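Here the structure comes first, spelled out in structure tokens, and everything after it is commentary.
The values are calculated or read from the model by the stated rules, or taken from the named source; none is laboratory data. Just so it is clear, the model here is predicted, and its values are computed rather than measured. Using ideal geometry, Cβ is built from the backbone for each residue, glycine included, and neighbour counts are taken over all protein chains shown. Side chains are part of the model used for accessible areas, which takes the heavy atoms of the whole protein and leaves out ligands, DNA and RNA. Shrake-Rupley method; radii C 1.70, N 1.55, O 1.52, S 1.80 Å.
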Amino acid sequence: MSTRVNEQSKKFTLLTGVFVAGFVLLGTLMAWPIYQTPYLFVTMLVAGSGAALLAWLFAFRNWSWFRVLIIASGGFLILGLPATNPGALTSLSSALTGWLNTVSGVVLGWKQLVTITLPVGTYQSLLVPYLVVLFVATLFSLIIVWTKPREFWAVVPLMFSTVIFAVAFGALEVTSTIKLVGIVIPVPPGMLAGFAMLALAVSYMTWGIAHTRSVTLSEVDFGKMSAQSRNRRLRRTAVKVGVFVGATAIVFSIISATGISPIRQVL
């Protein structure tokens, strides 16, 4: 029984990490209209991998919150500039100015994002606010789910902070179509990413509930589960997926028929 529980724990750790990585990627795609630079994904990798490493050290190597905070602060001071403003690395003087912009961007970058014309690219370390949001959301999500598995649901609201960031600081004008392989799809890209984020959240919550139930009933020999029981679970999953796909198709159809306003409310 202990071997099975240990295997479940390893699988849970791995799959929760995969789900969080999916949230990180989709959140970054939603933030794309703000920056529109491939370097956004470098920022994503630095924030996501750094947060995952510190969360793992906290959860499985018994690091203290104080130690995590110190390492995170030091990592930001060292990696913050190359992760958000590569253009400042051309000379020593510009690197010093860029480093000061990076540090001050933790406090001042938010206001600059509200007032500046989009897209901002890597201008004056304005990637710093997204770096902070993504790092904090990923760090706390993984620490919670790896130390308190029964509170797996907390990952969803934490990771949706990237969605809030993308909407709040996004462009006033909304692109109403997607051009894919020469085909124009009358759906806003942000809405499509939002539906993908919602689909991932539904999948994650469904999986998390099933995992929690299996752990609670771990004394049952699941290897002897009847084929009928397995089929019933598969049918329930298929119904959930079908409902979500159907609802998505209906919403997209309504958008295509009625259109969507190109103007939205932002900060």
Per-pair calculated FRET efficiency, R0 = 30 Å: A72 and V215 via Cβ, rounded to 0.05: 0.45
Provide the gained length on full extension for the span L53 to S203, in nm with one decimal, where the gain is 0.36 nm per separating residue minus the Cα-Cα distance. 51.5 nm
So for I143, I78, what's the accessible-area order with a 1.4 Å probe, most first? I78, I143
Å² per residue, accessible surface of region 27-86 at 1.4 Å: 50 Å²
Per-residue accessible area, 1.4 Å probe, largest first, puts Y130, Y39, Y123 in the order Y123, Y39, Y130
Karplus 3J(HN,Hα) series, Hz, for region 39-44 with 6.51 cos²θ - 1.76 cosθ + 1.60 (x for Gly, Pro): 5, 4, 6, 5, 4, 4
